[in-house]
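Okay, structure first, notes after.
Throughout, read-outs are computed from the coordinates displayed, never taken from laboratory work. Note that this is a predicted model, so its numbers are computed, not measured. Note that we place each Cβ from the backbone using ideal geometry, even for glycine, and neighbour counts take in every protein chain shown.
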Amino acid sequence: MSPSAPAIDLRSDTITKPSAGMRRAMAEAEVGDDVLDGDPTTRRLEQRIAELIGTEDALFFPSGTQANQTGIWLVAEHGTEVLLEANAHLVHYELGGIAALSGAQIRAITTPDGLLTPELVRGALRPASPHVPRITALAIENTHNTAGGVVLSATAYDGLMTVAREAGLGVHLDGARLWNAAVAGGVPPARLTRGADTVMVSVSKGLGCPVGSCLGFRASRRARAWEIRKRLGGGMRQSGILAAAALYALDHNLSRIGDDHANAQRFAELLSDSTSVRPIDPQSNIVMVDLLRDGDTAEAVAQRLAQAGVRLAPWGPRRLRAVTHLDVSRADVERAARIVVETVR
Ligand SMILES: Cc1ncc(COP(=O)(O)O)c(C=O)c1O
């Protein structure tokens, strides 16, 4: 690759830039003041998302983090515990939000592969006692980012829901990449949310929008969700500009998520020729790449790769993360894989 060519950026699916069509849709959006008396385009988006994810209603948020935190706030009681997979986004990357905002503590469940099972969740439940915290909620992440975009199947999800219901737990679903889980599992998104109390989905990742996530819930929860969002500073005024991008993405980008998965597969396939790196077989749009040579560190290799024209994200001392997305083509990922193989040897 010539040094002047732009780098192929596989650090995250959040780095996509709005396309010309998306920008046009944003420019032409009908807007109102969403905090004062409602924004019509935002409301259209919320209704469309609710329908897609199978919840009665939904609210538009500026970020997945804020929507996740609102979801937890709605389902977890202050002074109790939330069950989570030990490497969940809510555990590592939301700055202690569960403790800071909901006043709940995390009860982390270690899994070999990021996938909670009914047995593991049952094993983490505590017998009722006046001496130990009560557990009031379970949060599930699908796909699981840090585990490498692994997909929780509909059947596995149903198993978790059964245990949660038996134990009387509220359930929050972090579906930042629920679209990817649905495509990978060959089911509609709503099949992967059945019975959850709160469901977060992002439009700023695989769907390619500049901003935004939604939280789905029962209609009776809308007023409380609105109040929490406002308290967190998430009330947005002419948010229809952003909602229009999301509506455009649902029309144009949702149907091509499978391309990202095929590109991730191709990237991993080409890396498997190397004896210096080991790609973990991807289930969706994330490929974790382990470094095999003594002395190679993720930080140093990421720097060398960036100089060679490929950007991957360090994800542990000897692991890099590659994420395929709307702004990289099949040819880009093939070129990126060749550069990785040549650079790390
Ligand atoms: C699984 C998961 N949940 C939540 C988030 C938070 O989304 P945001 O960056 O919009 O706050 C992310 C972001 O990467 C994520 O990967």
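Mind grabbing the base-10 log of I(q)/I(0) for the stretch 256-343 at q = 0.23, 0.25 Å⁻¹? Debye formula, identical points on the C-alpha positions, no solvent, two decimal places. Debye output, listed in q order: -1.13, -1.33.
Measuring max minus min along each principal axis, the C-alpha atoms of the stretch 36-104 give extents of 37, 26, 20 Å (largest first).
Each residue of the stretch 120-128 was assigned a 3J(HN,Hα) from its phi angle through the Karplus curve 6.51 cos²θ - 1.76 cosθ + 1.60 (θ = phi - 60°); the sequence is 5, 5, 4, x, 8, 5, 10, x, 4 Hz, with glycine and proline shown as x.
Which FRET efficiency, nearest 0.05, do residue 7 and residue 113 yield, Cβ-Cβ r, R0 30 Å? FRET efficiency, residue 7 to residue 113: 0.45. Summary of packing: across the peptides 206-217, 101-112, the per-residue average of other C-beta atoms within 10 Å ranks them, highest first, as 206-217, 101-112.
Highest first, please rank the peptides 228-236, 42-50 by the mean number of other Cβ atoms sitting within 10 Å of their residues.
Details: 228-236: 17.0, 42-50: 20.7.
Per-residue Cβ counts within 10 Å, averaged per peptide and sorted highest first, yield 42-50, 228-236.
Report the relative contact order of the chain, percent, no decimals, based on alpha-carbon pairs under 8 angstrom and at least 6 residues apart. Don't jump to the answer; show the numbers that get you there.
Values: 751 pairs, mean separation 86.9, N = 345.
It comes to 25 percent, rounded to a whole number.
Compared with the direct C-alpha span, the chain from residue 227 to residue 47 gains 62.9 nm at full extension, assuming 0.36 nm per residue. By the Kirkwood approach, averaging reciprocal distances over each pair of separate Cα atoms, the chain gets a hydrodynamic radius of 20.8 Å. Among 73, 315, 179, the largest mean-square fluctuation in a Gaussian network model of the chain, built with springs joining Cα atoms closer than 10 Å, belongs to 315. Compared with the alpha-carbon gap, the fully stretched path from residue 28 to residue 281 is longer by 86.9 nm at 0.36 nm per residue. Note on the chain: helix-only mean residue ellipticity at 222 nm, from DSSP H runs of 4+ residues weighted -39500 (n - 2.57) and normalised by residue number, equals -11000 deg cm²/dmol.
Label separation (residue 334 vs residue 92): 3.3 nm, computed from points 7 Å beyond Cα along the C-beta direction. Between the alpha-carbon centers of the stretch 207-226 and the stretch 272-342, tell me the distance in whole angstrom. The stretch 207-226 and the stretch 272-342 have Cα centres spaced 34 Å from each other. Projecting label points 7 angstrom from Cα along Cα→Cβ for residue 269 and residue 155 puts them 2.7 nm apart.
Between residue 132 and residue 299, the modelled label-to-label distance comes to 3.9 nm, taking each label 7 Å out from Cα in the direction of the beta carbon. Here the chain carries DSSP beta bridges of which approximately 50% are antiparallel, counting only pairs with both residues inside. In sequence order, the stretch 47-62 has phi-based couplings of 5, 5, 5, 4, 5, 5, 9, x, 10, 5, 8, 7, 10, 8, 10, x Hz under the Karplus curve 6.51 cos²θ - 1.76 cosθ + 1.60, θ = phi - 60°, and Gly or Pro positions carry x. Taking other C-beta atoms within 10 Å as the exposure proxy, 55, 80 rank 80, 55 from fewest upward. Fully extending the segment from residue 345 to residue 17 would add 114.8 nm, taking 0.36 nm per residue of separation and subtracting the current Cα-Cα distance. Under a GNM of the chain (C-alpha, springs under 10 Å), which listed residue has the highest mean-square fluctuation: 314, 127, 279? Result for the chain, Cα springs under 10 Å: 127 fluctuates most.
Please give the Cα centre distance for the stretch 1-51 versus the stretch 89-134, rounded to the nearest Å. So the two Cα centres are separated by 33 Å.
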